[in-house]
Amino acid sequence: MAEVTEMLIYLQAIPDPPEQQRFRRIYDRYRDLMLHTARRILTDPQDAEDAVQEAFFAIARNISSLSDPESSRTRSYAVIVTERKAIDLYRRRKRQEALSLQEESYGLDFPAPSGVVAQAIAKLPPRDREFVILKYAEGYTNRELMGMLDLSYAAIHSIDHRMKQRLRALLREEGMEV
């Protein structure tokens, strides 16, 4: 019953019936994966549920950019937005407890990298690695990323620039000229 009520709340944010249907497919397909992702980061099951709810609200706000619920782009977005919401909640909880935050490294699960470039990408901080996957592997534009990640154009540009610098440095360490 709770899932039905939850679904109705999300659907109220989406006025277009085809987009509502697309959201339902995303919800049904990725809810368990998103919950698993949040539980990897948050120990409290209720916190994990809260992070998944926040992630679904973000998906509902950006449903127009998610054209195919079964695509790897949509799966990547669902996982990344869940990770970001879980990490944000984790940080809020730690601030409330007045403890120093020691950010843990969480990223997408993807096959062990092969090749120098893939290994360098795997060494990037989680936020940069997620950005590389969304922008360069999945093909999202800066405008789409602005809405999906709730960041300004300047922040997207800064992340892109900083990530490229780090990647160049890592590749140089491996002896590649870039």
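Every number here is computed from the coordinates shown, using simple stated rules; none is lab data. Please read all numbers here as calculations on a predicted model, not as lab measurements. A quick note on method: Cβ atoms are made from the backbone with ideal geometry, for glycine too, and the neighbour counts reach across all protein chains shown.
Under 30 Å Cα to Cα from LYS135, which lysines show up? Leave out anything in the same chain fewer than 8 places away.
LYS85, LYS123, LYS164
May I ask which residue of ALA120, ALA169, TYR136 lies farthest towards the positive end of the charge dipole of segment 110-178, with charges of +1 (Lys, Arg) and -1 (Asp, Glu) on Cβ and the Cα centre as origin?
ALA169
Fewest first, what order do SER76, SER67 take by the number of other Cβ atoms within 10 Å?
Ordered by Cβ neighbours within 10 Å, fewest first: SER67, SER76.
What is the distance, in nm, between label points placed 7 Å from the Cα along the Cα-to-Cβ direction at HIS36 and at ARG93?
Between HIS36 and ARG93, the label points sit 2.0 nm apart.
If the cut-off is a Cα-Cα distance under 17 Å, which aspartates and glutamates reach LYS94, setting aside same-chain residues fewer than 8 apart in sequence?
Output for LYS94: ASP44, ASP47, ASP50, GLU83, GLU103, GLU104.
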